[in-house]
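The values are calculated or read from the model by the stated rules, or taken from the named source; none is laboratory data. Note that the structure is predicted; figures quoted are calculated from it, not measured. Note: ideal-geometry Cβ built from the backbone for every residue, glycine included; neighbour counts use all protein chains shown.
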Amino acid sequence: MPAKGGAVLVTSFRPPRPGVPGAGDGVRAGTPDVLVIGGGIIGLVVAWRAAERGLRVTVVDPEPGGGAARVAAGMLAAVTELHHGEEELLELNLASSARWPAFADELADAAGVGDGSALGYRRCGTLAVALDADDRAELRDLHALQTRCGLQARWLTGRECRRLEPMLAPGVRGGLRVEDDHQVDPRPVVDALLIAAERAGVVFVRREARGVWSRSGRVGGAVLADGARLAAGRVVVAAGSRGGRLEGLPEEARPPVRPVKGQVLRLRMPTGIPFLSRTVRAVVRGSHVYLVPRESGELVIGATSEEQGWDTTVTAGGVYELLRDAHELVPGLTELPLVEAVAGLRPGTPDNAPLLGGTGTPGLLIAGGHHRNGVLLAPITGDLMAEYLTTGTMPERGRPFSPERFAPVGAGVPGGPGASRVPHPIEEVL
Ligand code: GLY
């Protein structure tokens with residue numbers, strides 16, 4: 001592809017691999033089969049898994065390995081983060097949660113860092129507690145929903161909660177013990193994904209992508225901030241909360257993601273003195289707060305949930321509220337060193353579920369919109385997207401999460417509303 005605004009060499013030529021569906025299909029030799037826009041946890045897992053299956057993959061990101069996962073606490077909390085009306089998402093969350101132990105071992109091995117414990121994977125369980133009568137009623141309601149969905153959670157009295165976690169406040173009035181919600185440390189996970197992807201042959205272009213370009217209605221690659229173009233067989237938008245802002249996306253295929261800010265604190269627990277042994281969470285004054293203790297001694301407190309655009313400022317109010325609510329659960333934590341305060345942006349979608357797979361636009365795929373579940377859903381996202389990229393078929397489990405569920409009715413139908421699209425800002429006319 002002749003580049004307008006300067007050419008960028010993204011990969012050296014490697015011959016298409018025989019027997020790999022999609023490898024080299026319709027793509028000039030030397031261009032990647034797949035170009036992933038975004039090198040956060042989702043972009044990296046898609047790139048790694050696709051490369052492992054023989055596809056030539058390039059990731060475009062000025063700082064691969066960054067993004068929301070660097071901020072996230074890493075709870076694998078399919079059961080305690082269950083919400084009414086999200087039963088379909090629950091199935092995906094549970095499937096990915098079940099994948100985590102083997103995924104962590106496989107990823108650690110591929111990156112040469114040992115086994116899953118090097119990535120902070122811990123089967124620690126979670127305790128969701130209530131501080132007052134309203135919290136208790138909310139937790140009872142969650143318990144009823146969990147039971148209806150066939151999930152395991154055991155109701156404990158306040159005293160039983162404190163027997164499990166002696167640092168809990170005397171005011172804790174009861175709680176739910178969930179043995180199947182665990183944790184992982186997202187930072188070593190992302191670091192391992194970078195290494196594993198590189199080892200699998202993924203090429204990194206450490207530049208900003210400002211959009212995609214198209215030819216004859218097919219997305220053909222990415223446009224970089226300086227106007228240079230990269231070409232690829234297919235483009236996967238995995239740009240987190242920025243995904244919907246990329247230029248050149250047809251409106252009917254634009255990911256409907258919005259940024260949901262989360263502020264998170266990191267404290268250091270004392271060595272040799274048991275502090276917390278499992279994730280503890282609660283709803284305090286209507287806000288969710290969770291405390292995730294790591295074996296490394298780190299204690300993560302999260303997270304605010306704010307809809308204020310793309311702002312990632314750590315605010316005094318955010319830090320205050322987190323500490324105030326966490327202190328109500330575990331008063332002793334105010335003695336701990338505060339190591340870090342940081343904010344990130346969750347990519348929220350209208351139904352809180354991810355966008356996985358092809359769009360109505362040829363050449364354009366999305367892996368995004370994971371909202372509160374980016375870390376939890378990383379293994380299954382990699383599996384589903386790699387399968388779709390190599391076979392052209394999305395496995396049954398991934399189909400409810402097609403980005404096309406948000407396409408306007410009639411998009412792609414001649415004469416339908418989505419068919420009369422406005423010209424793309426970046427469209428090559430030949
Ligand atoms: N899943 C935790 C959060 O999004 O804060």
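Can you tell me how many residues in the stretch 238-257 are within 28 Å of Asp226 (Cβ to Cβ) and part of a loop (DSSP other than H, G, I, E, B)?
9
Kindly establish whether Ala367 is more than 16 Å from the ligand (Cβ to nearest atom) and exposed (fewer than 15 other Cβ atoms within 10 Å of the Cβ).
no
So, Leu355, is that one under 30 Å from Glu387 (Cβ atoms), in contact (Cβ under 8 Å) with a residue 12 or more places away in the chain and not β-branched (Val, Ile, Thr) or not?
yes
Check the stretch 313-333 and report whether any residue there is at pLDDT 95 or above and assigned to a strand (DSSP E or B).
Taking every residue of the stretch 313-333 in turn, none turns out to be at pLDDT 95 or above and assigned to a strand (DSSP E or B).
Can you find a residue in the stretch 206-218 that is among the small types (Gly, Ala, Ser), at pLDDT 95 or above and within 30 Å of Arg99 (Cα to Cα)?
no
Given Val280, Val292, which one is within 14 Å of the ligand (Cβ to nearest atom), under 24 Å from Gly171 (Cα atoms), under 20 Å from the mean Cα position of the chain (by Cα) and crowded, with 22+ Cβ neighbours inside 10 Å?
Val292
Pairs only if they're at least six apart or on different chains, beta carbon under 7 angstrom, first in the stretch 258-285 and within 18 Å of Thr126 (Cβ to Cβ) and assigned to a loop (DSSP other than H, G, I, E, B), second at pLDDT 95 or above and within 14 Å of the ligand (Cβ to nearest atom); list them, first residue then second.
Matching pairs, first to second residue: Leu276/Leu291; Arg278/Thr126.
Of a type in the set (A, V, I, L, M), within 30 Å of Thr147 (Cα to Cα), buried (at least 17 other Cβ atoms within 10 Å of the Cβ) and away from the ligand (no atom under 16 Å from the Cβ), is that true of Ala104?
So Ala104 fits the description; yes.
Consider only pairs whose beta carbons are under 7 Å apart and that are at least six residues apart or on different chains; among these, list those whose first residue lies in the stretch 373-384 and is closer than 14 Å to Asp185 by Cα and whose second residue is more than 16 Å from the ligand (Cβ to nearest atom) and β-branched (Val, Ile, Thr).
Every condition considered, the pairs that remain are Ala378/Val45.
If I ask for residues that are assigned to a loop (DSSP other than H, G, I, E, B), over 23 Å from Gly74 (Cβ atoms) and either of a type in the set (Asp, Glu) or without any contact (Cβ under 8 Å) to a residue 40 or more places away in the chain (or both), which ones from the stretch 129-188 would you list?
Asp132, Gly150, Pro170
Are any of the residues in the stretch 224-240 in contact with a Phe, Trp or Tyr (Cβ under 6 Å, 6 or more places away or on another chain) and either crowded, with 17+ Cβ neighbours inside 10 Å or closer than 26 Å to Gly358 by Cβ (or both)?
Within the stretch 224-240, one or more residues are in contact with a Phe, Trp or Tyr (Cβ under 6 Å, 6 or more places away or on another chain) and either crowded, with 17+ Cβ neighbours inside 10 Å or closer than 26 Å to Gly358 by Cβ (or both).
Kindly establish whether Ser117 is out of contact with any His (no Cβ under 8 Å at 6 or more places or on another chain), surrounded by fewer than 19 Cβ atoms within 10 Å (Cβ to Cβ) and at pLDDT below 95.
Answer is no for this residue.
From the residues in the stretch 387-411 that are farther than 18 Å from Val57 by Cβ and among the polar types (S, T, N, Q), which one is farthest from the ligand (Cβ to nearest atom)?
Per the criteria, the residue is Thr393.
Just the residues that are away from the ligand (no atom under 16 Å from the Cβ), assigned to a loop (DSSP other than H, G, I, E, B) and over 24 Å from Val280 (Cβ atoms), please, taken from the stretch 43-89.
Across the stretch 43-89, the qualifying residues are Arg53, Gly54, Leu55, Arg56, Asp61, Pro62, Glu63, Pro64, Gly65, Gly66, Gly85.
Scan the stretch 249-268 residue by residue and report those that are away from the ligand (no atom under 12 Å from the Cβ) and within 24 Å of Ala68 (Cα to Cα).
Scanning the stretch 249-268 gives Leu249, Ala253, Arg254, Pro255, Pro256, Val257, Arg258, Pro259, Leu265, Arg266, Leu267, Arg268.
Being polar (S, T, N, Q) and within 19 Å of Gly39 (Cβ to Cβ) is the filter here, so list the residues in the stretch 374-391 that pass it.
Residue satisfying the conditions is Thr381 alone.
Check Arg268 against each of (1) surrounded by 18 or more Cβ atoms within 10 Å (Cβ to Cβ); (2) modelled with pLDDT of 95 or more and name the one condition it does not meet.
Of the numbered conditions (1) surrounded by 18 or more Cβ atoms within 10 Å (Cβ to Cβ); (2) modelled with pLDDT of 95 or more, the odd one out for Arg268 is (1).
Restricted to the stretch 286-304, and to residues that are outside any strand (DSSP E or B) and closer than 22 Å to Gly317 by Cα, which residue is modelled with the lowest pLDDT?
Gly286
What residue, among those in the stretch 301-329 that are among the aliphatic types (A, V, I, L, M) and within 16 Å of Ser287 (Cα to Cα), is nearest to the ligand (Cβ to nearest atom)?
Step by step, filter the stretch 301-329, then rank; the result is Ala303.
Would you confirm, using the coordinates I've provided, whether Leu355 is within 21 Å of Ala78 (Cβ to Cβ), more than 16 Å from the ligand (Cβ to nearest atom) and of a type in the set (A, V, I, L, M, F, W, C)?
Yes, satisfied.
Taking the conditions exactly as written (of a type in the set (D, E, K, R) and at pLDDT 95 or above), does Arg242 satisfy them or not?
Against the criterion (of a type in the set (D, E, K, R) and at pLDDT 95 or above), Arg242 qualifies.
Only one of these is closer than 30 Å to Ser277 by Cα, touching a residue at least 60 places away in the same chain (Cβ under 8 Å) and not acidic (Asp, Glu): Leu193, Leu224. Name it.
Leu193
Across the stretch 371-386, what is the total count of residues that are more than 16 Å from the ligand (Cβ to nearest atom) and closer than 21 Å to Ala78 by Cβ?
So the count comes out to 4.
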